[in-house]
Amino acid sequence: MKILGISSGTLNGSNDSMCKEALMGAQEAGAEIEFINLHKLDIKHCTGCIACVKAMMGGKGRICAVKDDFLWLLDKMLDADGIMMVSPIFENGVPGIIHTICDRFGPSMDRGNLVIADSLNKQNGGPGVDPRLLRDKVISFIGIGGSDWGSLVQMDHGMLAMSPMWKIIDNDKFQWSKTILMDDDALARAHQIGINLANAAKDINNASWQGPEGVCPHCHCNNFYVEPGTTHAICGLCGMEGELEVVDGKIQINYPAEQYEMAHDTMSGKMKHGKDIQENEGRLADLQKNSDEFKARRKKYMDFIQPTVPDKGA
């Protein structure tokens, strides 16, 4: 049983230390551990080309047009039974590198797409997708901020687990934490999060959320979009839609029963989303192939102006 710790903070800074404290807890609970700092890696932005999912659906495996260290990192993540991710809080949420990794996961890491690709590949006589991509995994998150900002970090972190349907065990944050290494309670909490993660990895099928209950009764997220002038609320993480109520002085969201089949982290929700995307991609492909008007409109914008690039000299 292996736990991979991933830090996106300053090398040898507090973020690294909190990640290592959690790994100490995981090791204490019997895990083999490994540690990665993302600043040691070359991770480029996703271009949105969707070559990855096209290759996956075509039985060619996971291919990425961007050549950097991402696939090395993904291999490390897929080989682990559990992942401990610790991030500094930038502008209320996670740093850009975490968003980039979410983007690079892309549609080819979506569990629904993977199930479809695996079935198609086997129907065509292939071996199916890499079995690691379909294996359940547990993941925990810690966000560390130097002030009172941090209202988006837990939702941002949760996004990383959404596509592959990895089970979140803890998703915590610490604020006003410049001197967190002197905070014994915070260190003890990080240590316990590591223990919780390792114990969950021992029995992933029965693993469950160990953190405090959130406003969303499904994914425990506290971030919602409330449609102006109504009580209709949409969870920022799992996307479920319900009605906001205040009961005994506490905010709660009541979901219709059918919404639980629409959540972004359920297979039924993913299959619906996949069907919607497939229909939209089909319409675009038809326009690209058969519509002279579409081609003319695209050419108008291509010819209008080209992007400015820096002059790097000879």
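Looking at Lys20, is it free of Cβ contacts under 8 Å to residues at least 24 places away in the same chain, over 19 Å from the mean Cα position of the chain (by Cα) and closer than 20 Å to Ser177 by Cα? Criteria met by Lys20. Of all residues in region 300-311, none are touching an Asp or Glu at 6+ places or on another chain (Cβ under 7 Å) and modelled with pLDDT under 95.
For region 125-143, the criterion of a residue being open to solvent by less than 30 Å² (accessible area, probe 1.4 Å) and without any contact (Cβ under 8 Å) to a residue 40 or more places away in the chain is satisfied by at least one position.
Scanning region 238-265 for residues that are out of contact with any helix residue (DSSP H, G or I) (no Cβ under 6 Å at 6 or more places or on another chain) and free of Cβ contacts under 8 Å to residues at least 12 places away in the same chain gives Val246, Val247, Asp248, Gly249, Lys250, Ala257, Glu258. Does at least one position in region 243-255 carry a residue that is modelled with pLDDT under 95, open to solvent by less than 40 Å² (accessible area, probe 1.4 Å) and closer than 27 Å to Ile101 by Cα? Checked against the condition, which is being modelled with pLDDT under 95, open to solvent by less than 40 Å² (accessible area, probe 1.4 Å) and closer than 27 Å to Ile101 by Cα, region 243-255 yields no hits at all. Note on region 266-311: among residues that are aromatic (Phe, Trp, Tyr) and out of contact with any helix residue (DSSP H, G or I) (no Cβ under 7 Å at 6 or more places or on another chain), the one that is nearest to Trp166 (Cα to Cα) is Tyr301. Among the residues of region 264-285, the ones that are of a type in the set (Gly, Ala, Ser) and within 20 Å of His220 (Cβ to Cβ) come to 2 in all. If you go through region 148-180 and keep only what is within 19 Å of Cys19 (Cα to Cα), out of contact with any helix residue (DSSP H, G or I) (no Cβ under 6 Å at 6 or more places or on another chain) and surrounded by fewer than 19 Cβ atoms within 10 Å (Cβ to Cβ), you end up with Gln175, Trp176, Lys178, Thr179. Annotation for region 102-121: no member residue is in contact with an Asp or Glu (Cβ under 8 Å, 6 or more places away or on another chain), open to solvent by less than 40 Å² (accessible area, probe 1.4 Å) and in contact (Cβ under 8 Å) with a residue 40 or more places away in the chain.
Being open to solvent by less than 70 Å² (accessible area, probe 1.4 Å), among the acidic types (Asp, Glu) and modelled with pLDDT of 95 or more is a property that Asp184 lacks. Restricted to helices (runs of 4 or more DSSP H) entirely inside region 1-112, those with at least 3 residues that are modelled with pLDDT of 95 or more are 14-28, 70-79, 96-105.
Just one residue in the set Met165, Met159, Met155 is out of contact with any Phe, Trp or Tyr (no Cβ under 9 Å at 6 or more places or on another chain), hydrophobic (A, V, I, L, M, F, W, C), closer than 25 Å to Gly48 by Cα and part of a loop (DSSP other than H, G, I, E, B); that residue is Met165.
The values are calculated or read from the model by the stated rules, or taken from the named source; none is laboratory data. Being a predicted model, the structure only gives us computed values, none of them experimental. A quick note on method: Cβ atoms are made from the backbone with ideal geometry, for glycine too, and the neighbour counts reach across all protein chains shown. Keep in mind that these areas ignore ligands, DNA and RNA; they rest on the heavy atoms of the full protein, side chains included. Shrake-Rupley method; radii C 1.70, N 1.55, O 1.52, S 1.80 Å.
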